[in-house]
Structure formats: structure tokens, C-alpha cells
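Down below is the structure, laid out as C-alpha cells.
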Amino acid sequence: MRKALEGSQAIAQTVALCRPQVVAAYPITPQTHIVENIAKLVANGHMDCELVSVESEFSAASLVLGAACAGSRTYTASASQGILLMSEVLYNIAGLRIPMVMTCANRAISAPLSIWNDQQDSMAVRDAGWIQLYCANNQEAVDTTIQAYRIAEATELPVMVCMDGFTLTHTLEPIDIPEQAMVDAYLPPFNFSRALDPANPISIGTLVSPDHYPEARHSHHHALLEAADEIIAADADWQQLSGRAAGGLLSVSGPDDAQIGILTLGSIVGTLSAASDTYTDLPATKLVNLRAYRPFPVDALRLACSGLTDLIVLERALSPGFGGIVSAEVHAALAGMQAVPRIHSFAVGLGGRDIPLEIYRTLHERIDIAEPQPFSIIDVEREKLPVEDHGIEVTETMT
Amino acid sequence: MSTAKQTITADSLVKLRKHQPRFEGIESGHRACLGCGEALAARLVTEAAGPDVMIANATGCLEIFTTPWPESAWRLPWMHSLFENTGAIAAGMEVALKAQGKPTKVLAFGGDGGTFDIGFQALSGMLERGHNVLYVCFDNEAYMNTGIQRSSSTPHAAMTTTSPPGSDRMGKRHLKKDILSIVAAHHIPYAATTSVAYPSDLRKKIRRAMEIEGPTFIQIHSPCPLGWGHDGEYSIKVARLAVQTGLFPIIELERQEMIGSMPIRHPRPVTDYLELQQRFRHLFNKNDARAVEELAHIQALADHNIKHYDLRGDGMDRLDSDGADTVRRGGMRWA
């Protein structure tokens with residue numbers, strides 16, 4: 001049934017449908033609304049779980065790790081500094097191959113202090129060994145959260161569902177929250193093969209010498225690569241049940257014969273989609289919505305980019321001193337293709353800077369130059385820079 | 001079958017013991033050093049706690065020497081996550097078991113570094129939220145696993161690799177943190193100290209904590225021959241002297257109220273304890289006025305403990321076997 005819901009509220013209701021037994025979280029905007037809504041569901045008897053308000057994100061991640069090892073389905077959410085504080089545990093969870101799901105309500109990292117949206121937080125834990133799925137809108141976030149449990153439990157890998165903080169979490173949209181029966185039919189009860197049990201005692205998290213460490217890393221890496229099949233299957237099965245797909249590894253929209261493509265992650269997809277309808281005078285453009293960032297879908301990306309002369313990679317984070325994080329990976333993934341498109345790399349919307357529709361025109365203007373553009377942050381305003389930086393070229397939005 | 005009287009030999013005694021139905025949570029064959037106080041303490045704890053437990057173990061010696069993959073000394077469901085999150089891991093296990101309706105008790109094991117220092121926040125959170133977890137701190141008074149570095153549990157004036165004595169220093173400059181008071185200040189039902197030198201006291205306290213629904217905390221003084229600088233064969237002697245000098249008071253608290261202590265009828269001078277350990281060697285240079293002064297400081301600390309915790313007791317008791325072997329609880333009730 002379609003209801004007008006705030007993103008956080010929708011996620012809370014969806015998490016309840018997935019029947020986690022243990023939820024732990026620490027207040028950090030913007031995911032706080034999710035946990036507050038879960039607390040209301042628990043308080044009103046609509047959700048049967050142990051909700052633990054812990055003393056830090058570090059303990060939130062640790063608590064759900066302990067709970068999962070003791071055999072319970074779990075949930076937690078965080079963002080920004082919370083993700084960084086959790087990061088040691090996030091690596092640990094993935095290395096131990098523990099199935100669990102968390103929401104990252106994407107937000108910028110301090111300093112400078114910002115409470116607003118970008119994706120620097122989840123990018124910072126890119127290599128933790130989690131599956132990372134990015135959501136373009138709140139409906140995708142709802143469907144992806146349900147799918148995430150199935151993927152995590154089938155692959156024994158943790159899944160981070162990334163949704164843009166505020167842009168999605170605090171936005172009211174008509175959302176279809178599925179029926180409990182549908183989710184139950186899709187998601188069998190949690191049955192963790194390595195759950196701790198006094199009747200069959202095992203040791204989890206032992207010391208591994210150089211004799212075995214590379215093998216453990218090899219297995220983990222390949223588990224992530226192979227999880228791609230499960231991500232596709234989980235989405236296909238969900239589509240059969242609900243009539244909605246959430247985008248598999250990546251989804252492509254726009255004309256097949258377009259020569260210009262824009263690849264991005266998260267809610268920018270919606271902005272670009274609306275812009276392409278508005279600016280009909282601009283060349284036909286293919287829009288690539290990268291949903292699975294880990295595992296990185298190399299083959300699907302090559303397929304999506306075949307026939308393109310130019311690919312613009314637009315991302316909400318950067319690696320200072322190098323440039324685009326996603327664009328570097330896109331370069332690597334497309335290297336060796338018969339006709340590699342020219343790749344242009346931009347960061348946009350950092351620290352919650354609004355991304356106007358006009359960005360679409362700006363991007364087209366920027367690539368209308370013979371050489372691929374080096375990485376830059378779009379929309380930097382020269383007069384706001386310190387005087388000593390005024391000489392550096394900036395990329396301004398066309399108005 | 002022979003009817004001849006069987007002679008009991010050392011070998012047959014070992015076999016007989018193997019047939020005793022005593023539960024062992026941690027097997028022999030682990031890689032602890034000779035005379036390791038922590039290994040013995042962990043065995044005593046798991047024996048007393050029994051098989052229906054689940055363990056969250058902090059990073060440290062205990063974790064390292066029991067689980068060199070692909071081997072494990074544990075016959076209990078056991079997990080190690082990180083150094084500083086043991087309180088939260090144990091809390092997670094506890095709520096999961098509660099959600100599943102299982103009665104299994106959760107134990108958390110940490111060294112003094114993982115408890116007093118880096119894991120302190122997670123421990124405090126676990127205690128404050130009232131999780132039904134028995135947290136056991138194996139206190140060997142320094143970061144032994146990483147090479148004997150000072151922790152906030154290291155006693156005053158002790159030499160460690162990060163508190164070496166020298167022309168400007170006499171070992172650790174600060175006092176040993178009073179973790180028991182801090183833990184008890186969470187108003188948890190039960191917090192106690194014990195020592196590996198007193199196995200019956202240790203077992204008794206573990207069993208008592210196991211019976212309690214809610215957070216409980218037991219600090220076990222566990223000598224580290226390598227870090228303290230004594231032969232492995234003296235571990236128990238050293239641990240006992242820590243108690244008999246008053247430097248490590250054996251006490252019990254319920255909801256922050258002291259309800260029992262191990263009496264010391266004949267206190268020993270602190271030098272009896274200190275002189276056995278290389279970590280205090282620099283205090284025995286008679287030509288160094290600072291050493292003489294530090295010895296006086298340490299004696300004053302012991303005297304303070306004896307007075308503060310009333311460790312001399314109130315006269316000789318009928319069941320008191322000359323001092324520190326029994327624990328007196330309130331009134332005439334004996335544990």
C-alpha cells in the first residue's frame with residue numbers, strides 16, 4: 001500500500017518487516033529518525049525485538065556483532081562520524097563473515113564540521129569488506145533493505161544499504177511498504193551456520209598466522225565477487241513478488257544509442273533524470289545508476305558503457321590528493337575495452353551543497369571540449385575561497 | 001580381570017583424573033608461558049561457571065595463546081572480536097540469547113588493558129544497561145601480550161617497557177586505578193576481587209556471580225612471570241604475597257556496599273612481595289634515596305588498604321585458618 005512517508009520512517013517500518021531480534025544504535029543525525037521510529041514500533045508492540053541504546057557507534061556495531069554470533073538477526077544504522085568510529089568493527093564483522101544489515105544515512109565527514117549529505121562516510125569504509133548498495137530513492141531503499149537481509153544471509157557477508165542523508169532520509173515521498181506476508185515469503189527466518197552454541201562449541205575470531213591469513217583474505221574477496229549473482233537473484237525474486245526491481249547491480253536509463261553517459265550513485269540519479277526531461281535541447285544521454293558499489297560490477301559496467309564516446313562520473317566524495325574515487329575505479333574497470341569512452345570526473349553536492357537541475361547543462365558544456373576533464377569539484381565559488389587559492393581554476397555551474 | 005590390589009602411580013592418577021566428571025572449559029595444550037597466572041585463572045573460572053556459557057574474549061594473551069588457528073583450547077562457545085569492545089560484544093550475545101529465550105549465561109573476559117583502559121567505555125555501557133553478563137578481568141597489571149607496557153592497572157613504581165626507571169624516573173609515576181570502586185559505582189549487584197592464589201575463593205565468587213541475574217564483575221589478580229620478572233614456579237607464592245601484604249585487597253561489594261573481605265591476620269611487609277619481582281628491582285638499591293622513599297610509599301599504600309578495607313578483621317574467628325584463606329561475609333555467615 002502506498003503511503004506518504006518520510007524516508008527514515010519507511011526504513012523503520014521496513015526493518016520491522018524483516019523481523020530483526022536485536023537492534024542497537026547510537027543517536028547520530030540523520031539516521032536517528034530511523035531508530036526513533038523503531039523505538040516507537042517497539043514501544044507500541046508493533047515490533048518484537050531487543051532495542052539497545054548503546055553508548056557509542058563503536059558499541060552499536062559491536063553489540064550487533066555479538067548478537068549475530070549468538071544467532072540473532074540484527075540491524076543498526078549510522079552515518080558520518082559514526083561510520084568512522086565504527087570502522088574498526090565494520091572490518092571485523094566482514095572479516096568474520098557475519099551476515100547483518102545496516103543503513104548508512106550518508107553524510108559528510110568533519111572537519112569542517114557538516115551535518116549535511118555527501119557520501120564520504122561510506123566511501124571511507126569501502127575496503128571494509130561489506131557489500132555496499134546505494135539507493136536512488138526511498139522506494140529503492142525500502143526494497144533494498146529487504147533484499148539486503150536475503151543477500152547477507154545467503155552470502156554470509158554484511159550489507160550496508162547507503163541512502164543519502166536528509167535528501168532521502170528526511171524527504172516525504174509516496175512509498176509502497178510491502179505486506180508482512182510478502183516479506184515473510186521472501187525472507188526465511190535467520191539460521192546462521194556458525195552461531196555460537198554451548199551444545200556445539202566453536203571458536204570465532206582466532207589468531208591467524210601468516211600461514212593462513214592470505215587464504216582468509218582470498219576467500220573473503222571471492223565471496224564478495226560471487227555475491228554479485230545473489231544481488232541479481234535477490235532483486236529478480238523480489239520483482240516477481242512485489243512487481244518492483246531495485247536496480248540489480250546497476251541500472252541504465254535513457255536511449256540505447258546515446259553517446260554520452262553519466263554514471264552516479266544515490267539520489268543524484270533522480271535529479272539527473274528530471275534534468276534530462278527538462279533540458280531536451282541537450283544531446284541524448286544514458287544514465288547509469290550504480291547500485292552495487294561493492295562488489296564492483298565490472299562486466300555490467302562495460303556493457304552499460306559500450307557505444308559511449310563520453311562518460312561523466314559524478315560522485316559525492318573524493319580522495320583528496322587524487323580526485324574521484326568511483327571514477328578511478330571506472331577507469332580501471334573500462335581499461336582494455338575496445339573503445340574506452342573518454343571519462344570525465346566530478347564531485348558534486350559535497351557537505352549538502354544543493355545540486356540544481358542546471359548541473360546537467362554544466363556537465364554537457366564541460367565535456368564539449370576535446371580532452372577529458374581532470375577531476376574537479378563542481379560549483380566551487382571563487383569568492384568564498386581563501387585569497388591564496390583564488391588563482392586555482394574552478395568549475396562553476398551554468399546559470 | 002586381576003583381583004590384585006592396584007597401585008596408584010602418577011600415571012594412573014592422571015588417567016583417573018581424566019575420568020572424573022569435572023568440566024574443563026579450556027583444554028591443556030594451549031601456548032601460555034610456564035606459570036601463567038591468567039591461564040590458571042581462566043581454567044578455574046570456566047570450571048566453576050560450567051558448560052552452559054558463551055564467552056566474549058578481548059584481544060590479549062588469553063585470546064592469543066588459546067586460539068592459534070586452526071587450533072583452539074576452548075571447549076565452550078567462544079568469540080574474540082576486538083580489544084576494546086568486549087563489553088558490547090557480551091551485551092549483544094546476552095540480548096540475542098534473551099530474544100531467543102535461551103538461559104545460557106554470557107561471560108566476558110578481558111585483561112587489565114582491555115578492561116581498565118581501552119575497553120572501559122564498552123564495559124561501563126554494559127554495566128549501566130544492566131546486561132546479565134559476568135565480566136571477568138584477568139589483571140596482570142600491564143600490556144603483557146604486546147611486550148609489557150604500562151596500563152592504568154600497573155602498580156605504582158613498577159618497571160614496564162614504557163615506564164622504565166632511570167635517572168629521572170622510578171618506574172610508573174601513577175597509582176593503580178581502583179577499577180573495582182569505579183565498576184561498583186554503577187550500582188551493579190555484585191563486584192569482587194579475587195586472586196589466582198586462592199582457588200576456592202575464586203570458584204566461590206564465580207559461582208556466586210553466576211547465580212545473579214544482572215551485571216557482575218570479578219577482578220582476578222593473575223601474575224605474569226615474564227612481565228613481573230619471577231620464575232614461573234613462584235606465581236602462586238607471588239600472588240599470595242600480594243594479598244598478604246595488603247597490596248591487593250580481596251573484597252566483595254554488593255550494590256557498592258562492601259559485604260566481605262579476606263582478612264589478613266599477619267600482614268607481611270611489602271618488600272617480601274616486591275623483592276621477588278624484577279619489575280621492582282630498582283627499589284632495592286640501598287644507595288638510592290629515591291628507592292627508599294618509593295618503598296615507603298608502597299608500604300603506605302598497603303597500610304592504607306589494610307585500614308581502609310578493615311583487612312585485619314575483628315579478632316580471630318573459629319573458621320579462620322590463619323589469615324587469608326577464607327572469605328568472611330557479613331555477620332556470622334560464612335561462604
| said: Cβ-Cβ under 8 Å, sequence separation 6+ or interchain: first residue in region B:268-290 and at pLDDT 95 or above and surrounded by 15 or more Cβ atoms within 10 Å (Cβ to Cβ), partner of a type in the set (Asp, Glu) and part of a helix (DSSP H, G or I). Which pairs? | reply: B:Leu283/B:Glu294
| What do you reckon, is A:Ala154 at pLDDT 95 or above, within 22 Å of A:Cys69 (Cα to Cα) and in contact with an Asp or Glu (Cβ under 7 Å, 6 or more places away or on another chain)? | yes
| field | Options B:Lys176, B:Lys172: the member that is without any contact (Cβ under 8 Å) to a residue 40 or more places away in the chain and either within 22 Å of B:Arg240 (Cβ to Cβ) or touching a Phe, Trp or Tyr at 6+ places or on another chain (Cβ under 6 Å) (or both) | value | B:Lys176
| Count of residues meeting criterion [away from chain B (no Cβ under 14 Å) and buried (at least 17 other Cβ atoms within 10 Å of the Cβ)] in region A:177-211 | 5
| query | Does B:Arg268 satisfy the condition of being among the charged types (D, E, K, R) and over 14 Å from B:Leu247 (Cα atoms)? | reply | no
| message | Criterion first (away from chain B (no Cβ under 14 Å) and β-branched (Val, Ile, Thr)) does A:Ile232 satisfy it? | response | yes
| request: Would you confirm whether any residue within region A:223-236 is over 26 Å from the mean Cα position of the chain (by Cα) and within 17 Å of A:Pro158 (Cβ to Cβ)? | output: no
| note | Result of the Cβ filter at 9 Å on region A:202-223, keeping first residues that are touching a residue at least 24 places away in the same chain (Cβ under 8 Å) and under 16 Å from B:Thr59 (Cβ atoms) and partners that are in a loop (DSSP other than H, G, I, E, B) and aliphatic (A, V, I, L, M), at least 6 apart or interchain, is A:Ile204/A:Leu96; A:Ile204/A:Ile98; A:Ile204/A:Leu196; A:Gly205/A:Leu96; A:Gly205/B:Leu82
| message | I'd like the full set of residues that are part of a loop (DSSP other than H, G, I, E, B) and under 18 Å from A:Ala245 (Cα atoms), limited to region A:157-184. | response | A:Ile177, A:Pro178, A:Glu179
| task | Kindly establish whether B:Val45 is at the interface with chain A (Cβ under 7 Å from one of its Cβ atoms), crowded, with 24+ Cβ neighbours inside 10 Å and not small (Gly, Ala, Ser). | result | no
| remark: Flagged in region A:382-399 as modelled with pLDDT of 90 or more, under 16 Å from A:Arg353 (Cα atoms) and part of a loop (DSSP other than H, G, I, E, B), in numbering order, are A:Leu385
| request: Output the residues belonging to region A:45-79 that are part of a helix (DSSP H, G or I), more than 7 Å from chain B (Cβ to nearest Cβ) and of a type in the set (A, V, I, L, M, F, W, C). | output: A:Ala60, A:Ala61, A:Ala68
| query | Does A:Gln132 qualify as being more than 14 Å from chain B (Cβ to nearest Cβ), over 16 Å from the mean Cα position of the chain (by Cα) and of a type in the set (S, T, N, Q)? | reply | no
| task | From the list B:Gly147, B:Gly214, B:Gly166, pick out the single residue that is farther than 24 Å from B:Thr245 by Cα, in contact with a Gly (Cβ under 6 Å, 6 or more places away or on another chain) and surrounded by fewer than 22 Cβ atoms within 10 Å (Cβ to Cβ). | result | B:Gly214
| query | Quick check: anything in region A:244-256 out of contact with any helix residue (DSSP H, G or I) (no Cβ under 8 Å at 6 or more places or on another chain), hydroxyl-bearing (Ser, Thr, Tyr), outside any helix (DSSP H, G or I) and surrounded by 14 or more Cβ atoms within 10 Å (Cβ to Cβ)? | reply | yes
| said: Exactly one condition in (1) crowded, with 19+ Cβ neighbours inside 10 Å; (2) assigned to a loop (DSSP other than H, G, I, E, B); (3) modelled with pLDDT of 95 or more; (4) out of contact with any Cys (no Cβ under 9 Å at 6 or more places or on another chain) is false for B:Leu241; which is it? | reply: (2)
| query | Which of the residues that make up region A:212-229 are away from chain B (no Cβ under 13 Å) and acidic (Asp, Glu)? | reply | A:Glu226, A:Asp229
| remark: Condition set in a loop (DSSP other than H, G, I, E, B), out of contact with any Asp or Glu (no Cβ under 7 Å at 6 or more places or on another chain) and buried (at least 23 other Cβ atoms within 10 Å of the Cβ), scope region B:58-75, selection nearest to the other protein chains (Cβ to nearest Cβ): answer is B:Thr67
| Can you pull out the helices (runs of 4 or more DSSP H) entirely within region B:112-217 that have at least 2 residues that are within 14 Å of another protein chain (Cβ to nearest Cβ)? | B:120-128
| message | Anything in region A:297-321 that is in contact with a helix residue (DSSP H, G or I) (Cβ under 7 Å, 6 or more places away or on another chain) and farther than 19 Å from A:Ser253 by Cα? List them, or say none. | response | A:Arg316, A:Ala317, A:Leu318, A:Ser319
| field | Residue in region B:153-169 that is under 21 Å from B:Arg279 (Cα atoms), basic (Lys, Arg) and at pLDDT 95 or above present | value | yes
| field | Residue, farthest from A:Val394 (Cα to Cα), within region A:330-367, restricted to residues that are acidic (Asp, Glu) and free of Cβ contacts under 8 Å to residues at least 40 places away in the same chain | value | A:Asp354
| request: Find the residue count for region A:116-129, including only residues that are buried (at least 24 other Cβ atoms within 10 Å of the Cβ) and part of a loop (DSSP other than H, G, I, E, B). | output: 3
| task | Scan (1) more than 18 Å from A:Met163 (Cβ to Cβ); (2) in a strand (DSSP E or B); (3) among the small types (Gly, Ala, Ser) for the single condition A:Ala39 breaks and write down its number. | result | (2)
| remark: Going through region B:76-106 in order, the residues found to be small (Gly, Ala, Ser), at the interface with chain A (Cβ under 7 Å from one of its Cβ atoms) and touching a Leu at 6+ places or on another chain (Cβ under 7 Å) are B:Ser81, B:Ala88, B:Ala91, B:Gly92
| message | Taking the criterion of being over 16 Å from A:Arg342 (Cβ atoms), without any contact (Cβ under 8 Å) to a residue 24 or more places away in the chain and assigned to a loop (DSSP other than H, G, I, E, B), would at least one residue in region A:286-306 satisfy it? | response | no
| request: Could you tell me which residue of region A:83-105 is surrounded by the most Cβ atoms within 10 Å (Cβ to Cβ), considering only residues that are touching a Pro at 6+ places or on another chain (Cβ under 9 Å) and away from chain B (no Cβ under 14 Å)? | output: A:Ala105
| remark: When (1) in contact with an Asp or Glu (Cβ under 9 Å, 6 or more places away or on another chain); (2) part of a helix (DSSP H, G or I) are applied to A:Ala317, the one that fails is (2)
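The values are calculated or read from the model by the stated rules, or taken from the named source; none is laboratory data. Remember, it's a predicted structure, so these values are computed and weren't measured experimentally. Cβ sites come from the backbone with ideal geometry, for glycine too, and all protein chains shown count toward neighbours.
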